[in-house]
Amino acid sequence: MKGKPDRKLFGISVGMIFNIIIIGVTIFLVVYFVFSEDGLVDLLSSGLEISVWWIVAAVCLHLLNIFIDATVIYLFLRQNVPDLKVKTALTASMVGQFYCAVTPSATGGQPMQVLMMTRAGIKGSVTTSALVQKFLVWQFTLAVYCIVAVVARFSFFRENLDTHMWVLSAIGFAAQMIMLGILLLASFAKNFTYKTVSGIFKLLGKMRILKNVDNKIKSLEDILTSFNESNRCLIKNKPLLIKAYILTAIQMTALFLVPYFIAMSFHIPDLNIFDMLCAQSYVNMVSSLVPLPGGSGAAEYCFSTFFMTYISADTMKTSILLWRTITYYGTIMISLPFSSIKKKAVTAEVTDEKDIEAE
């Protein structure tokens, strides 16, 4: 596959420089949370008792999140691939987890999942449809979570947050609602969406802001067609739709409960589990605005801001370290062995790989 030559700065590709910066930031944050004042080293030397079983439970919650992710992929793919192996769905989930974690704004997950499953002998069109269905269910469930969190704890977080964090929270919520609106339009108003977006593309092309307008409009048409077809299939299969939403809600809840279990390990009294879930929803809303792998830096800052009401200052840094280790660094380590994708298809059924590589 031929791609555009990498732009270089001082003889080093911009992509390489970006990766070096992200790795540097990650190492700095880990070292900071371990060795700084009130960090992990200070906490361990203070004699504070930490309940290991709550930490183990938090790890189990994250593993449940990954297991459900693989299960949902399996359910959607099995519609068109009856003999699908569970191992293939699990591998696809791991590939998605890894590339979402290491790419800006988690943009690399789905393309690499499509490539992996196509090379495993599943048609690219089938894979794309399944992943679009899964994406739609995830986004709608996430939007509901955000709405509940904002409505239920609006006044509380407004009173306890400073102005700039409140503004970022509002922007994060608006971004989720805009995404939901776009998905609804793309799913149920194909012609309107196509005319509107293609018109914007043409205008940007005339202003010389956007290049290759015709190719982008063709890609837009393909995406909208995929969304419509996937939605029609999903809506027709009510039992699958119900299963997918229930499983995704459980998955999201398990992921959002990890901070609560970490806080419980420090024997923090009077914790409200619903408040902790809402707080994690706010963390997710704001940190998702940062186009860095895993929201590095932003995720940690948001966590300390939204959970400062529940977690004391002397355990906050260790809580952040444990949270990120379980949900982010741990994810990378678990999924790393699955990151290498086979170069050759297992069967001769692969017909769409050239289209995937051409994108």
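The values are calculated or read from the model by the stated rules, or taken from the named source; none is laboratory data. Everything numeric here is computed off the predicted structure, so don't read it as measured data. Glycine gets a Cβ as well: all are built from the backbone with ideal geometry, and neighbour counts include every protein chain shown.
Looking at the stretch 300-321, I want the residues that are within 17 Å of V258 (Cβ to Cβ) and have a partner that is of a type in the set (G, A, S) and part of a loop (DSSP other than H, G, I, E, B) with Cβ atoms under 6 Å, at least 6 apart or on another chain. Which pairs are those?
K317/G39
Can you find a residue that is over 16 Å from the mean Cα position of the chain (by Cα), under 24 Å from I171 (Cβ atoms), surrounded by fewer than 22 Cβ atoms within 10 Å (Cβ to Cβ) and of a type in the set (A, V, I, L, M) anywhere in the stretch 246-264?
No, the stretch 246-264 has no match at all.
Go through the stretch 288-299 residue by residue and tally those that are in a helix (DSSP H, G or I) and either surrounded by fewer than 19 Cβ atoms within 10 Å (Cβ to Cβ) or free of Cβ contacts under 8 Å to residues at least 60 places away in the same chain (or both). Please lay out each step first, then the result.
Going residue by residue through the stretch 288-299, those that are in a helix (DSSP H, G or I) are 293-295, 298-299.
Subsequent filtering for residues that are either surrounded by fewer than 19 Cβ atoms within 10 Å (Cβ to Cβ) or free of Cβ contacts under 8 Å to residues at least 60 places away in the same chain (or both) retains 295, 298-299.
So the answer is 3.
Among the listed residues W166, W138, identify the single one that is assigned to a helix (DSSP H, G or I) and without any contact (Cβ under 8 Å) to a residue 40 or more places away in the chain.
On the way: W138 fails: without any contact (Cβ under 8 Å) to a residue 40 or more places away in the chain.
After applying the criteria, what remains is W166.
Among the residues of the stretch 265-286, count how many are farther than 14 Å from W323 by Cα and within 14 Å of the chain's Cα centre (by Cα).
Residues meeting the conditions: 3.
In this structure, does Q133 turn out to be outside any helix (DSSP H, G or I) and surrounded by 16 or more Cβ atoms within 10 Å (Cβ to Cβ)?
Details: outside any helix (DSSP H, G or I): no; surrounded by 16 or more Cβ atoms within 10 Å (Cβ to Cβ): yes.
Considered against the rule, which asks whether it is outside any helix (DSSP H, G or I) and surrounded by 16 or more Cβ atoms within 10 Å (Cβ to Cβ), Q133 comes out as no.
Considering only residues that are in contact (Cβ under 8 Å) with a residue 40 or more places away in the chain, surrounded by fewer than 17 Cβ atoms within 10 Å (Cβ to Cβ), out of contact with any Phe, Trp or Tyr (no Cβ under 8 Å at 6 or more places or on another chain) and outside any helix (DSSP H, G or I), which ones fall in the stretch 265-287?
If the condition is that a residue be in contact (Cβ under 8 Å) with a residue 40 or more places away in the chain, surrounded by fewer than 17 Cβ atoms within 10 Å (Cβ to Cβ), out of contact with any Phe, Trp or Tyr (no Cβ under 8 Å at 6 or more places or on another chain) and outside any helix (DSSP H, G or I), then H267 is the only one that fits.
Which of the residues spanning the stretch 194-236 are among the polar types (S, T, N, Q) and closer than 30 Å to R78 by Cα? Working first, answer last.
Step one: filter the stretch 194-236 for residues among the polar types (S, T, N, Q), giving 196, 198, 212, 215, 219, 225-226, 228, 230-231.
Across the stretch 194-236, the qualifying residues are S219, T225, S226, N228, S230, N231.
Step by step: first the residues of the stretch 47-69, then only those that are buried (at least 16 other Cβ atoms within 10 Å of the Cβ) and among the small types (G, A, S), then the one that is farthest from I332 (Cα to Cα). Which residue is that?
Only one residue tops the list, namely A57.
From the list K195, K243, K202, K216, exactly one residue is part of a helix (DSSP H, G or I), charged (D, E, K, R), out of contact with any strand residue (DSSP E or B) (no Cβ under 7 Å at 6 or more places or on another chain) and within 26 Å of S281 (Cβ to Cβ). Which is it?
Values: K195 fails: within 26 Å of S281 (Cβ to Cβ); K202 fails: within 26 Å of S281 (Cβ to Cβ); K216 fails: within 26 Å of S281 (Cβ to Cβ).
On inspection, the qualifying residue turns out to be K243.
Output the residue which, of all residues in the stretch 92-114 that are hydroxyl-bearing (S, T, Y) and crowded, with 21+ Cβ neighbours inside 10 Å, is nearest to Q251 (Cα to Cα). Don't jump to the end; show me each part of the working.
Kept after step one, since they are hydroxyl-bearing (S, T, Y), are these residues of the stretch 92-114: 93, 99, 103, 105, 107.
Going one step further and asking which of them are crowded, with 21+ Cβ neighbours inside 10 Å, we end up with 93, 99.
Values: S93: 13, Y99: 19 Å.
Among those residues, the one meeting the criterion is S93.
Could you give me the residue pairs with C-beta distances under 9 Å whose first residue belongs to the stretch 141-155 and is farther than 16 Å from V286 by Cα, whose second residue is surrounded by fewer than 14 Cβ atoms within 10 Å (Cβ to Cβ) and modelled with pLDDT of 85 or more wherever it lies, and which are 6+ apart or on separate chains?
A152/F274
Answer with yes or no whether T309 is of a type in the set (S, T, Y) and either surrounded by 20 or more Cβ atoms within 10 Å (Cβ to Cβ) or modelled with pLDDT of 80 or more (or both). I'd like the intermediate steps shown before the answer.
Numbers: of a type in the set (S, T, Y): yes; either surrounded by 20 or more Cβ atoms within 10 Å (Cβ to Cβ) or modelled with pLDDT of 80 or more (or both): yes.
It is true that T309 is of a type in the set (S, T, Y) and either surrounded by 20 or more Cβ atoms within 10 Å (Cβ to Cβ) or modelled with pLDDT of 80 or more (or both).
State all residues of the stretch 145-186 that are exposed (fewer than 15 other Cβ atoms within 10 Å of the Cβ), within 22 Å of I246 (Cα to Cα) and of a type in the set (V, I, T); if no residue qualifies, say none.
Residues satisfying the conditions are V148, V151.
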